[in-house]
1. Among the residues of the range 455-484 satisfying the criterion of being closer than 29 Å to F444 by Cα and assigned to a loop (DSSP other than H, G, I, E, B), which is nearest to the chain's Cα centre (by Cα)?
2. Looking at the structure I just gave you, is K285 basic (K, R), out of contact with any Phe, Trp or Tyr (no Cβ under 8 Å at 6 or more places or on another chain) and free of Cβ contacts under 8 Å to residues at least 24 places away in the same chain?
3. Which of the residues spanning the range 45-76 are in contact with a Phe, Trp or Tyr (Cβ under 8 Å, 6 or more places away or on another chain), buried (at least 20 other Cβ atoms within 10 Å of the Cβ) and outside any helix (DSSP H, G or I)?
4. Scan the range 288-322 for residues that are in a helix (DSSP H, G or I) and within 30 Å of E333 (Cβ to Cβ) and jot them down.
5. Against the condition under 12 Å from the mean Cα position of the chain (by Cα) and under 21 Å from G522 (Cα atoms), how does P355 come out, does it pass?
6. Which pairs turn up if I take residues in the range 204-217 that are at positive phi and look for partners that are surrounded by 22 or more Cβ atoms within 10 Å (Cβ to Cβ) and of a type outside the set (D, E) with beta carbon separation below 9 Å, at least 6 apart in sequence or on another chain?
7. Kindly state which helices (runs of 4 or more DSSP H) lie completely within the range 173-253 and contain at least 1 residues that are closer than 22 Å to D81 by Cα and touching a helix residue (DSSP H, G or I) at 6+ places or on another chain (Cβ under 8 Å).
8. Can N357 be described as within 23 Å of V25 (Cβ to Cβ) and in contact with a His (Cβ under 7 Å, 6 or more places away or on another chain)?
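The values are calculated or read from the model by the stated rules, or taken from the named source; none is laboratory data. Bear in mind the structure is a predicted one, so any value in this text is a computation, not a measurement. No Cβ is skipped: glycine too gets one built from the backbone with ideal geometry, and neighbour counts run over all protein chains shown.
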Amino acid sequence: MNHPCLVTLERDSAPRVLFSGDRLVEVDLPPGTRCIYPKPPATGLKDPDAAIRYALNHPLGTDPLHSKLRPGMKVTIAIDDISVPLPPMKRPDARERVLTIVLALLADHGVEDVELIIATGIHRRMKGAEIRHMVGDVIFDAYYPERLYNHDAEDKANMVEIGKTRHGDPLELNRRAADSDLLIYVNLNFVAMNGGHKSVAVGLCSYKSLRPHHNPRTIAASDSYMDPKRSKLATDIELMGRLAHEKLNIFTIETTVNNRMFDRSLEFLTKNEDDLSGAERLKLKAMVLATSKLPQGARQAIFDKFPAPYEITGVVAGATDAVHEQTITRNFEQYCVPIDGQADVLVTGIPFISPYNVHAFLNPLLVQVLAQGYLFNMYRNAPLVKKGGTLIITHPCTDKFDHEQHAPYIDFVHRLLPETRDSEVLREKYEEKFAEDPAFIQMFRTGHAYHPAHPFFMWYWGENGRQHLGRVIVVGADNEYIPKLLGWETSPSMEDALYRAKGGELRSLDVTLLKVPPIVMGDMRLPNSNSNGGA
């Protein structure tokens, strides 16, 4: 099928340049390799503020926001945290735009009891400067820290159980949100697994309410958690989300952005290497050389320094189901590229950032999350690689952790993984012990560390990838210990990795390259079949 984002390599094709963490590396791929490139950025809205006002006045499935407001009522606004978008968005962030208009509307209707909560779930607390960047100076100065603050999933006095699902799973939510006359959720929907019922039921809940669905069996049963209709994770979270909507008065506002991840100075990184101009080729070679020579901190600064110039492509407000359906459609329009047939080998670079290491080093457990979790799941209908196929990634797999954000990860990787990689054993034997560790809980509540249960969830996140793939081979690892700990092989070059993928057999391989970032999803179609390729 002809598609501008699909390229089949010829013998004279240029090397492909892949991310290897915060490095860029050149790799030669065999002729016939199918390369999947991200779509060009969708056109941003000409007047985002007008679109926000229109969405609030013409919501889906409910009355306009202004009709819900009255003097003396208690309103809480929950806001997505720093895990989306990636990297953080150039100011003004979409959430600043929405909050500015919503807060003005509340003031116009005499609503004074207003608090803003960053819906972190069990993610790390956002720092003041990060919150300021997201909500803007005016809102930050007016509300922080008394009326603009991070959700605290371990503040027992300020959590309340609002009910149980039909499976008996408890939904414990932030007390301020649960006690409000109106809960407004402001979502920036970056990928299809975000938003919808997940916003309130995960963003404002406790560990006790995450445990029933953040588990290896749920992930293994999710045929791409980037495709909500085929995701058991999405189905289980939806049960809790519907319970929240039965008990609370919720008004949802969702925004989508395009995939303009890099500003003009780095825009060439998203292009097909064969289409680069002479000047762009020189820039690319210079970056490959520079990132191979610079120390790690300097490499990270190159990409950490510049916020992403994302543009808002849509705003929808109202009832969660109706809102999210339109949001998902717009998401898929930006990301999905039609693909015919699965590959024997999927090749991808592992970028420098994930939802869980903004402004921090991408540690080995998060490399696993990106490889067997997020990037493996970037598909609809069927995986990009055949059952039992090979995933080849480029990454140094450096044994390095950010001690402020990822302290619990260190124990998980170096104390637990040497004992077992079995997700069920880890869950039953260790997860709850970690989740209750007082030192880790203190770091979570008063510092900027992820919750001690978080590394377990990150390991489970790769479960469907682990069960589907036959092997993972790392090109460019600076050690053998970490890949072996993760259950992976190492190879000194892409050529050697592809040779190993053949398994010593004299046979040709169907190879597909998933070129990220920015985000791209394969919309897989299998000939004469609606199956998922064995996943």
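1. W461
2. On the way: basic (K, R): yes; out of contact with any Phe, Trp or Tyr (no Cβ under 8 Å at 6 or more places or on another chain): yes; free of Cβ contacts under 8 Å to residues at least 24 places away in the same chain: yes.
Taking the combined requirement at face value, the residue satisfies it.
3. Here is the first cut: in the range 45-76, the ones in contact with a Phe, Trp or Tyr (Cβ under 8 Å, 6 or more places away or on another chain) are 59, 62, 65, 68.
In the following step, the residues that additionally are buried (at least 20 other Cβ atoms within 10 Å of the Cβ) were identified as 59, 65.
The one that is in contact with a Phe, Trp or Tyr (Cβ under 8 Å, 6 or more places away or on another chain), buried (at least 20 other Cβ atoms within 10 Å of the Cβ) and outside any helix (DSSP H, G or I): P59.
4. If we filter the range 288-322 for residues that are in a helix (DSSP H, G or I), which is where we start, we get 288-293, 296-304, 320-322.
Residues satisfying the conditions are F303, D304, T320, D321, A322.
5. Details: under 12 Å from the mean Cα position of the chain (by Cα): yes; under 21 Å from G522 (Cα atoms): yes.
Yes; evaluated as a whole, the condition is true for this residue.
6. So the pair list comes out empty.
7. Values: elements: 175-178, 198-203, 207-210, 216-220, 232-247.
Counting at least 1 such residues, we get 175-178, 198-203, 207-210, 232-247.
8. Numbers: within 23 Å of V25 (Cβ to Cβ): yes; in contact with a His (Cβ under 7 Å, 6 or more places away or on another chain): no.
Criteria not met by N357.
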